[in-house]
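A.B. asks: Could you have a look at this structure, given as structure tokens, before my questions?
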Amino acid sequence: MNKNTREILIGAGTVVLGSLALRYFSRKHQPLETVSAVDLSRYAGKWYEIAAFPLIFERGCHCTTAEYTLHPAGYVKVVNSCRRNSPQGKVKQAMGKAFPVPGSNNTKLKVQFQWPFRGDYWIIALDEDYSHALVGTPDRQYLWVLARSPFMAPTLYQNLVHLAQQKGFDTDHLHLTNQACFD
């Protein structure tokens, strides 16, 4: 390999590595925008998981739902449910609490399933009639597409996936949730 070829390859490699590093770090630190405000009384109720980044404790889950109930103490009671291993399988539930982050207009919640650990739950898209939502975490490690119905029109789903991509989520990790028990 002659000197010019080696310099070109080193230069090209440096540019590629630099652009990958810039992309990684800019995505890592880019602030995640949420919706402007959420009326928790309208957000309360049953949501169906249309798609999500796979979570270890949801492995083998079908027909996944989340039910939110306002508690007089100021938090939101959370009940996540799914059927294990098949749409006819045993129901598995996880109960928790969600606490609105002060100053966020209820767009950012801290969810707790096991004390003292709390995780981020940021509402990044919400239809004006509260029929569907896109929820994620600021580190882009978790993402959920939720709807009031177990099924979503493909065009709407693709629009939400595109929005998630614009917000820096790697939607290649997004998996559709099997909601066959609601047919």
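What follows is calculated from the coordinates using simple rules that are stated; it is not laboratory data. Remember, predicted model here, so these are calculated numbers, not experimental data. Cβ sites come from the backbone with ideal geometry, for glycine too, and all protein chains shown count toward neighbours.
A.B. asks: Roughly how far apart, in whole Å, are the Cα centres of the range 133-183 and the range 41-66?
C.D. replies: Taking the Cα centre of the range 41-66 as reference, the centre of the range 133-183 is 10 Å away.
A.B. asks: Something else about it: Neighbouring Cβ atoms within 10 Å as the yardstick, rank Glu128, Glu67, Glu33, Glu58 fewest first. Mind showing how you got there, number by number?
C.D. replies: Values: Glu128 6, Glu67 15, Glu33 12, Glu58 19.
In increasing order of surrounding Cβ atoms, one gets Glu128, Glu33, Glu67, Glu58.
A.B. asks: For the range 72-183, what is the number of Lys pairs with C-alpha distance below 21 angstrom, counting only pairs 8 or more positions apart or on separate chains? Write out the running numbers ahead of the final one.
C.D. replies: Working: Lys77/Lys92; Lys77/Lys97; Lys77/Lys108; Lys77/Lys110; Lys97/Lys108; Lys97/Lys110; Lys108/Lys167; Lys110/Lys167.
Lysine pair count for the range 72-183: 8.
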